[in-house]
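**Student:** Below is the structure I would like to discuss, written out as structure tokens.
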Amino acid sequence: MLRIEKVGKAFGRHQVLREVSLDVHAGQVLCVIGPSGSGKSTLLRCVNRLEVPDSGYVYLEGQPVGFRWTGDGLHEMTSAQLAAQRRRMGMVFQNFHLFPHRRVIDNVTEGPVVVNGLDRATAREQAMGLLTKVGLADKAGAFPESLSGGQQQRVAIARSLAMRPALMLFDEPTSALDPELVGDVLDVMRDLARDGMTMVVVTHEMAFARDVADQVVFMDGGRVVEAGPPERIFGAPEHERTRSFLSRVL
Ligand code: ADP
Ligand code: MG
């Protein structure tokens with residue numbers, strides 16, 4: 001589903017990603033852990049080309065992200081082509097970015113109606129299904145500001161899912177939440193994983209990573225230090241840097 005191949009990225013003289021390579025198979029959950037500043041967010045942003053990598057490629061469903069093959073080689077996509085490819089990837093951030101002046105249901109129907117041209121009735125039906133899935137059907141008519149952070153984040157997840165992405169990217173989706181609100185969001189993500197969604201999750205929730213991930217990646221200094229099944233990364237980390245990070249966060 002997703003292949004990251006030797007992706008490098010610098011900001012000025014600061015090399016933030018160094019030859020990062022990862023594969024995520026359809027239906028798998030990859031959790032990315034590592035200290036602050038290790039390049040996790042930049043990696044996610046390179047996946048959907050919110051940042052343009054300096055080197056390497058990202059492939060989604062076998063297609064290079066941002067490029068297309070023609071008879072005479074690989075060419076940069078037009079912005080419309082890139083936008084279409086990007087819609088295959090849902091992204092959920094730390095701070096939910098809902099439209100504050102739109103009701104919950106309208107936040108969820110906006111993309112499918114405006115971007116995908118879905119008729120409003122079908123979009124509403126689909127949105128109600130998604131809001132039910134994230135446990136917020138009763139909040140359809142509410143405005144975002146009346147919801148808790150955890151509820152807003154669940155709306156943000158429903159809004160992403162409404163675009164029917166092939167892959168979901170999560171960047172510390174629970175980091176901005178009060179501790180008592182984290183569980184409901186993680187439960188929604190757990191359900192999504194169980195339903196077979198392909199997911200890349202940057203998280204500090206080690207228990208979640210241990211339970212849900214098929215693969216855990218530890219990043220430090222812009223590099224993948226080690227990657228493997230959660231039992232191995234948490235149970236028998238090979239690298240000193242991984243061990244010292246885990247001893248600080250577990
Ligand atoms: P993480 O998500 O692991 O905390 P980031 O990917 O956000 O790490 O950042 C990695 C490094 O890149 C940090 O040192 C950060 O300051 C730097 N960085 C991130 N985005 C930019 C940017 N747009 N311009 C300059 N430096 C950046
Ligand atoms: Mg980050």
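The values are calculated or read from the model by the stated rules, or taken from the named source; none is laboratory data. Quick caveat: nothing in here was measured; it's all calculated off a predicted structure. All Cβ positions, glycine included, derive from the backbone under ideal geometry; neighbour counts span all protein chains shown. Keep in mind that these areas ignore ligands, DNA and RNA; they rest on the heavy atoms of the full protein, side chains included. Shrake-Rupley method; radii C 1.70, N 1.55, O 1.52, S 1.80 Å.
**Student:** Please find, among Ala121, Ala158, Ala127, the residue that is open to solvent by 30 Å² or more (accessible area, probe 1.4 Å), of a type in the set (Gly, Ala, Ser) and in a helix (DSSP H, G or I).
**Tutor:** Numbers: Ala158 fails: open to solvent by 30 Å² or more (accessible area, probe 1.4 Å); Ala127 fails: open to solvent by 30 Å² or more (accessible area, probe 1.4 Å).
When all the criteria are applied, what remains is Ala121.
**Student:** Sticking with this structure for a sec: Quickly run through region 7-38 and pick out the residues that are surrounded by fewer than 18 Cβ atoms within 10 Å (Cβ to Cβ) and away from ligand 1 (no atom under 14 Å from the Cβ).
**Tutor:** If the condition is that a residue be surrounded by fewer than 18 Cβ atoms within 10 Å (Cβ to Cβ) and away from ligand 1 (no atom under 14 Å from the Cβ), then Glu19, Ser21, Asp23, His25, Ala26, Gly27 are the ones that fit.
**Student:** Give all pairs with beta carbons closer than 7 Å in which a residue from region 200-214 that is under 16 Å from Leu167 (Cβ atoms) and part of a strand (DSSP E or B) meets a residue that is at pLDDT 95 or above and among the charged types (D, E, K, R); count only pairs at least 6 apart in sequence or on separate chains.
**Tutor:** Within 7 Å, the pairs are Val202/Lys40; Val202/Asp171; Val202/Glu172.
**Student:** Also, quick follow-up: Taking the condition of being within 13 Å of the chain's Cα centre (by Cα) and within 16 Å of ligand 2 (Cβ to nearest atom), how many residues in region 181-213 meet it?
**Tutor:** So the count comes out to 4.
**Student:** Another question about this same structure. For region 130-150: of the residues being assigned to a helix (DSSP H, G or I) and in contact (Cβ under 8 Å) with a residue 24 or more places away in the chain, which is farthest from Val92 (Cα to Cα)?
**Tutor:** We begin by selecting, within region 130-150, every residue assigned to a helix (DSSP H, G or I); these are 130-133, 137-139, 144-146, 149-150.
From the residues that got through so far, the ones that are in contact (Cβ under 8 Å) with a residue 24 or more places away in the chain too are 130-131, 133, 139, 144-145, 149-150.
Numbers: Leu130: 15, Leu131: 16, Lys133: 16, Lys139: 20, Pro144: 16, Glu145: 18, Gly149: 13, Gly150: 13 Å.
The qualifying residue farthest from Val92 (Cα to Cα) is Lys139.
**Student:** So Pro165 passes all but one of these: (1) in contact (Cβ under 8 Å) with a residue 24 or more places away in the chain; (2) away from ligand 2 (no atom under 16 Å from the Cβ); (3) in contact with a helix residue (DSSP H, G or I) (Cβ under 7 Å, 6 or more places away or on another chain); (4) outside any strand (DSSP E or B). Which condition number does it fail?
**Tutor:** (3)
**Student:** A follow-up question, please. Given the structure, is Leu147 in contact with a Lys or Arg (Cβ under 9 Å, 6 or more places away or on another chain) and more than 28 Å from Val24 (Cα to Cα)? Even if it seems obvious, please write down each step before you answer.
**Tutor:** Values: in contact with a Lys or Arg (Cβ under 9 Å, 6 or more places away or on another chain): yes; more than 28 Å from Val24 (Cα to Cα): yes.
So Leu147 fits the description; yes.
**Student:** If you don't mind, another one. Being basic (Lys, Arg), under 18 Å from Phe245 (Cβ atoms) and within 13 Å of ligand 2 (Cβ to nearest atom) is the filter here, so list the residues in region 4-53 that pass it.
**Tutor:** Taking region 4-53 as the starting set, the residues that turn out to be basic (Lys, Arg) are 6, 9, 13, 18, 40, 45, 49.
If we keep only those that are under 18 Å from Phe245 (Cβ atoms) as well, we get 18, 40.
Lys40 - this is the single residue of region 4-53 that is basic (Lys, Arg), under 18 Å from Phe245 (Cβ atoms) and within 13 Å of ligand 2 (Cβ to nearest atom).
**Student:** Related question: Can you run down the residue pairs with Cβ atoms below 6 Å, 6 or more apart or on separate chains, where the first is in region 39-64 and within 7 Å of ligand 1 (Cβ to nearest atom) and the partner is basic (Lys, Arg) and part of a loop (DSSP other than H, G, I, E, B)?
**Tutor:** Matching pairs, first to second residue: none at all.
**Student:** Something else now. Out of the residues in region 237-250 that are open to solvent by less than 20 Å² (accessible area, probe 1.4 Å) and hydrophobic (A, V, I, L, M, F, W, C), which is nearest to ligand 2 (Cβ to nearest atom)? If you could, list the steps in order and put the result at the bottom.
**Tutor:** Narrowing region 237-250 to residues open to solvent by less than 20 Å² (accessible area, probe 1.4 Å): 242, 245-246.
Subset that is hydrophobic (A, V, I, L, M, F, W, C): 245-246.
Numbers: Phe245: 15, Leu246: 18 Å.
Per the criteria, the residue is Phe245.
**Student:** Could you list, in sequence order, the residues of region 189-205 that are in contact with a Leu (Cβ under 8 Å, 6 or more places away or on another chain), of a type outside the set (A, V, I, L, M) and open to solvent by less than 50 Å² (accessible area, probe 1.4 Å)?
**Tutor:** Across region 189-205, the qualifying residue is only Thr198.
**Student:** Filter region 214-226 down to residues that are over 15 Å from the mean Cα position of the chain (by Cα) and within 13 Å of ligand 1 (Cβ to nearest atom), then give me how many there are.
**Tutor:** Residues in region 214-226 being over 15 Å from the mean Cα position of the chain (by Cα) and within 13 Å of ligand 1 (Cβ to nearest atom): 8 in total.
**Student:** Only one of Phe218, Phe170, Phe234, Phe208 is open to solvent by 10 Å² or more (accessible area, probe 1.4 Å) and aromatic (Phe, Trp, Tyr); which?
**Tutor:** Values: Phe218 fails: open to solvent by 10 Å² or more (accessible area, probe 1.4 Å); Phe170 fails: open to solvent by 10 Å² or more (accessible area, probe 1.4 Å); Phe208 fails: open to solvent by 10 Å² or more (accessible area, probe 1.4 Å).
Result: Phe234 is the single residue among Phe218, Phe170, Phe234, Phe208 that is open to solvent by 10 Å² or more (accessible area, probe 1.4 Å) and aromatic (Phe, Trp, Tyr).
**Student:** Now, a different point. Give the residues of region 151-188 that are under 22 Å from Ala127 (Cβ atoms) and within 16 Å of ligand 1 (Cβ to nearest atom), sorted by residue number.
**Tutor:** Leu169, Phe170, Pro173, listed by residue number.
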